[in-house]
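These notes are about the structure you will find just below.
Every number here is computed from the coordinates shown, using simple stated rules; none is lab data. Remember, it's a predicted structure, so these values are computed and weren't measured experimentally. Cβ placement follows ideal geometry from the backbone for every residue including glycine, while neighbour counts extend to all protein chains displayed.
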Amino acid sequence: MRWSFNGLSRHLIHQFKYHHDIAAAAALMKAWCQETDLSFRPEALVAVPMHHRKHAKKGYNQADILTKRLSTQLGIPVWRGIQRQIATQPLEGLSKKERKKVLKDAFRLTATPPKSVAIIDDVFTSGATMAEICRLLKRQGCQFVAVWTLARTPLP
């Protein structure tokens, strides 16, 4: 993660996330790829999955768009062996403890994971989503999991 989730980064991420502004996504991705430290090169990239009903309603998953672009630019394949099996309530405004409870067992694997992956998402807030996905991947044999996000919400 490169930026604090405020100011221009917040504006561009919101434009992309809530308004499907691909120009904002392109600007974010260009800067992100220029600054990404590739000393760790995972076997695969994994987008944080969106529940299929939410995806159908929204029409896109911003994490999936970021992952596809990174895959193309970095030459790292996308692994699609994880699904969101529970349509959780929106996490915005929930505490870390509440987020963790809501996300318990929200994801499932549909295939054996690669030995090393980078999970891709737009914003790192409490870490509850990443922790749940990491727990699941590690339990199924993934040896190393990195978390790559565009921004981090400011710590309190």
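For Asn61, what is the net charge nearby, where nearby means another residue's Cβ is under 11 Å from its Cβ and Lys, Arg count +1, Asp, Glu -1? Walk me through the intermediate numbers first.
Details: positive: Lys17, Lys54, Lys58, Lys68, Arg84; negative: Asp64, Asp121, Asp122.
Taking every Cβ under 11 Å from that of Asn61, the sum is +2.
For region 38-135, what is the percent of antiparallel DSSP beta bridges, rounded to the nearest 5?
Working: 3 of 8 bridges.
Of those bridges, close to 40 percent are antiparallel.
Let me make sure I get this right: for the chain, a, b and c are the square roots of the gyration tensor eigenvalues over alpha carbons, sorted descending. Under 1.5 in a/c it's rounded, otherwise prolate if a/b > b/c, else oblate. Which is it? Rounded is the answer for the chain, as its axis ratio a/c remains below 1.5. Given R₀ = 30 Å, what would the calculated FRET efficiency be for Lys104 paired with Ala31, taking r from the Cβ atoms and rounding to 0.05? In this case the efficiency is close to 0.30.
Within the shell defined by Cβ-Cβ distances under 12 Å, the residues around Phe144 carry a net charge of +2, with Lys and Arg each +1 and Asp and Glu each -1.
What is the sum of charges, Lys and Arg at +1 and Asp and Glu at -1, for the other residues whose Cβ falls under 9 Å from the Cβ of Ala87? Don't skip to the answer; put the middle values down first.
Values: positive: Arg53, Lys54, Arg84; negative: none.
Net local charge, Ala87 excluded: +3.
For Val147, the residues 5 or more places off, or on other chains, whose built amide H falls under 5 Å of its own are Ile119. Magnitude of the charge dipole for region 3-152, about its Cα centre and with charges confined to Cβ atoms of Lys, Arg (+1) and Asp, Glu (-1), is about 540 debye.
Taking a ≥ b ≥ c as the square roots of the eigenvalues of the Cα gyration tensor, an a/c ratio of 1.5 or more together with a/b larger than b/c marks region 74-141 as prolate. Put simply, the amide H of Arg152, placed in the peptide plane, has neighbours under 5 Å in Trp3, Ser4, Phe5, Phe124, leaving out anything fewer than 5 places away on its chain.
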